[in-house]
Every structure is written in structure tokens, then in C-alpha cells.
Amino acid sequence: MISLNQLRTFIVVAQTGSVHEAADRLVVSQPAVSSAIASLQRAVGAPVVQREGRGLRLTAAGERLADYGRRVFSLLDEALAEARAAGEVAAARVRLAVVTTAAEQLVPALLGGFDQRSRGAAVDLHVANRTRVWDRLLHGEADLALGGRPPDERFVSRAVRPNALVIVAAEAARATSASLGTATWLVREPGSGTRATTDALFEALAIEPPTVTINSNGAILACVRAGLGVSLLSRGALARDLQEGSIVEVVTRRTPLQRDWHLVGLRERATTTGAALLIEHAISHGGFRAA
């Protein structure tokens, strides 16, 4: 039998790849970390880590144990939060993982008024790229995820909000559909959902334009306004700029692209109290519809 302390120590070692860094994070001695890992390996009956250069890497057994270990601790956190909410010793809590674009464009409006309408429910917000967001939800480290379409059947959409992506440029740039192949495109970093969609659009339009990578939609929009390039952005986030004429939409045979926002849960897990409150709020006040 392994203890929760051994399992937690192992997960931190798996995350850091180092006994020294794990000890620093856990505020214990390095021998204590090494002892916990040794005891864990004896219980498993197989090595869970092995040396790689100056660090450690997980074995196949370690990868599987880390995967389950993350779920164990997320489930314990969820159990405690649900028990407190049911016993009315604390407000409900929802752990929300959000892709960067949605965090910039949707989260401020979505969470506005949520605490009052949900009797003080707390939101733990984690912003990351889509790979990390789906990973957190899959391992129970988030109750809900806000991003694009779920990647596979393990996930289920609870609410959906329309989202159209359009190509935009500064009015002064006078970009046209014919010039998009030579115009400089301002694109998100690899791993971003918007970047993947932009790359697919390049293929659909049969163009290979020069690109500049910027890891913030807000910064991209500012650069578009300044005439530094064109980009693929959410029309919903551009309403004021389009109305004022500081930027214009460049119409093509392939755009706009409909890429709805999805509020997503894990299919095999029950919806927590906090998650249910946020879903209800998103539908009644956030422009979402029930999925």
C-alpha cells in the first residue's frame, strides 16, 4: 500500500524531473524525497523513475502511476469542496481551465456578476494553451474547460457560444483577398487553437505568407490597428474596432469561419455544484446555449 505522501512526492518529482527541485517545492530534505520514491517503487514492484543525465524521467510504470495520481488528488480536492458546499460551511467552488484566447475575450464578461448570482461561488481560473487545458480537465484538475470543440469523446460540451473568426487588417493597409498571400500575417504561437485554425486557412487558401508570431490576441489586435499585418481574429472581440473603422474585415471565399466556444466537462465525471452554477450562469447571462 502506498501513502498519499509518497504519491504526492512522486507527482512533484514527475513534474520537476528532479529530486532537488521536488524537495524545494515540498519544503523537505532531498533524502526524504528519495526515501519516499524508494518506498513507492517497492510497493509498485517496478521502477517508476530512472536517471537521465542530471535529472530523472518516468518509466512506463511511472507514467501510468503519475496519470492516476493526478486524478486521485484532484478527486480528493473535489470531494472536500463538495462536502463543504453541501454542509454550507463554504460557498461552492469551480475550477475553470481556459484557453488564452477565451480568457482574453470571454472570461471577464462571463464571470461578471457570477459570484452574486451563485451565492458567492468561487472560481479558480487557470489559463493555458489548449493542450494543457484539455489535459487538466482529463485529469480532474479542472471541473470545466472553456475552449474550442472538445478533442474526443471523453469530453462533453455543456454549453456553446457562437464565435466567428474573420480576417482583419488596418483600414489604411487596404488589404484584399488577392493580397493575402504576400501580406504579413500576425499569428499565435504553436499549440494555440487559433494558430492551428490559421494554418488550416493558409492551406485552404493555398498561400504561404510571411508570418510574425505573437502570443497574445490583444497584442495582435494592437499590431493590426497599427498596420503591421493582417490576422485571423474573433469578430465578437472586434465589434468596436469594426464599427469605428480602425480595422476592416477582409472577405474571402473561406471566411468567416465558425469556431464556436464550448464550455466542456468530462463525460465520465458528475458535474460539481460549482460547475453546474457556472453552466447555468453562462446560459442565462453569458450568451451561451445549452449543448
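The values are calculated or read from the model by the stated rules, or taken from the named source; none is laboratory data. All of these numbers come straight from a predicted model, not from anything done at the bench. Ideal geometry is used to build each Cβ from the backbone, glycine not excepted, and the neighbour counts take in all protein chains shown.
Of all the residues in the range 218-252, those that are among the hydroxyl-bearing types (S, T, Y) and more than 19 Å from T101 (Cβ to Cβ) number 2.
For the range 9-18, check the following and say yes or no: at least one residue is modelled with pLDDT of 90 or more, in the same structural domain as E280 (by TED's automatic domain parsing) and in a helix (DSSP H, G or I). No - not one qualifying residue is present in the range 9-18. Count of the range 260-291 residues, restricted to those that are basic (K, R) and at pLDDT 95 or above, is 1. If a residue must be outside any helix (DSSP H, G or I) and among the aliphatic types (A, V, I, L, M), how many such residues does the range 19-36 contain? Going through the range 19-36 one residue at a time, the tally reaches 2. Only a single criterion out of (1) touching a residue at least 40 places away in the same chain (Cβ under 8 Å); (2) over 21 Å from the mean Cα position of the chain (by Cα); (3) assigned to a loop (DSSP other than H, G, I, E, B) is not satisfied by T182, namely (1). Test V187 against the stated conditions and say whether it is more than 23 Å from I214 (Cα to Cα) and modelled with pLDDT of 95 or more. Criteria not met by V187. Taking G181 as meeting all but one of (1) surrounded by fewer than 17 Cβ atoms within 10 Å (Cβ to Cβ); (2) of a type outside the set (F, W, Y); (3) not assigned by TED's automatic domain parsing to the domain that holds L228, write down the number of the exception. Result: G181 fails condition (3) only. For the range 128-149, the set of residues classified as of a type in the set (A, V, I, L, M, F, W, C) and under 19 Å from R161 (Cα atoms) consists of V133, W134, L144, A145, L146, listed by residue number. Evaluate the following for S192: is it crowded, with 19+ Cβ neighbours inside 10 Å, out of contact with any strand residue (DSSP E or B) (no Cβ under 7 Å at 6 or more places or on another chain) and either under 22 Å from L125 (Cα atoms) or of a type in the set (S, T, N, Q) (or both)? Considered against the rule, which asks whether it is crowded, with 19+ Cβ neighbours inside 10 Å, out of contact with any strand residue (DSSP E or B) (no Cβ under 7 Å at 6 or more places or on another chain) and either under 22 Å from L125 (Cα atoms) or of a type in the set (S, T, N, Q) (or both), S192 comes out as yes.
Would you please name the residue that is surrounded by the most Cβ atoms within 10 Å (Cβ to Cβ), looking only at residues in the range 235-263 that are closer than 30 Å to A92 by Cβ and either touching a Gly at 6+ places or on another chain (Cβ under 7 Å) or not aliphatic (A, V, I, L, M) (or both)? Only one residue fits best here, namely W261.
For Q30, the criteria (1) within 22 Å of L137 (Cα to Cα); (2) modelled with pLDDT of 85 or more hold in every case but one, which is (1).
Do we find a residue being under 26 Å from the mean Cα position of the chain (by Cα) and in contact (Cβ under 8 Å) with a residue 24 or more places away in the chain anywhere in the range 44-59? Yes; the residues of the range 44-59 include at least one that is under 26 Å from the mean Cα position of the chain (by Cα) and in contact (Cβ under 8 Å) with a residue 24 or more places away in the chain.
Among the criteria (1) in a strand (DSSP E or B); (2) polar (S, T, N, Q); (3) crowded, with 19+ Cβ neighbours inside 10 Å, the one S157 does not fulfil is (3).
Applying the set (1) touching a His at 6+ places or on another chain (Cβ under 9 Å); (2) of a type in the set (D, E, K, R); (3) surrounded by fewer than 19 Cβ atoms within 10 Å (Cβ to Cβ); (4) not in a loop (DSSP other than H, G, I, E, B) to R149 leaves exactly one unmet item: (4). Remark: pairs (first residue in the range 241-267, under 29 Å from I207 (Cβ atoms); second residue part of a helix (DSSP H, G or I) and among the β-branched types (V, I, T); Cβ separation under 8 Å; 6+ apart in sequence or on different chains) = I247/V224; L257/T197; R259/T197.
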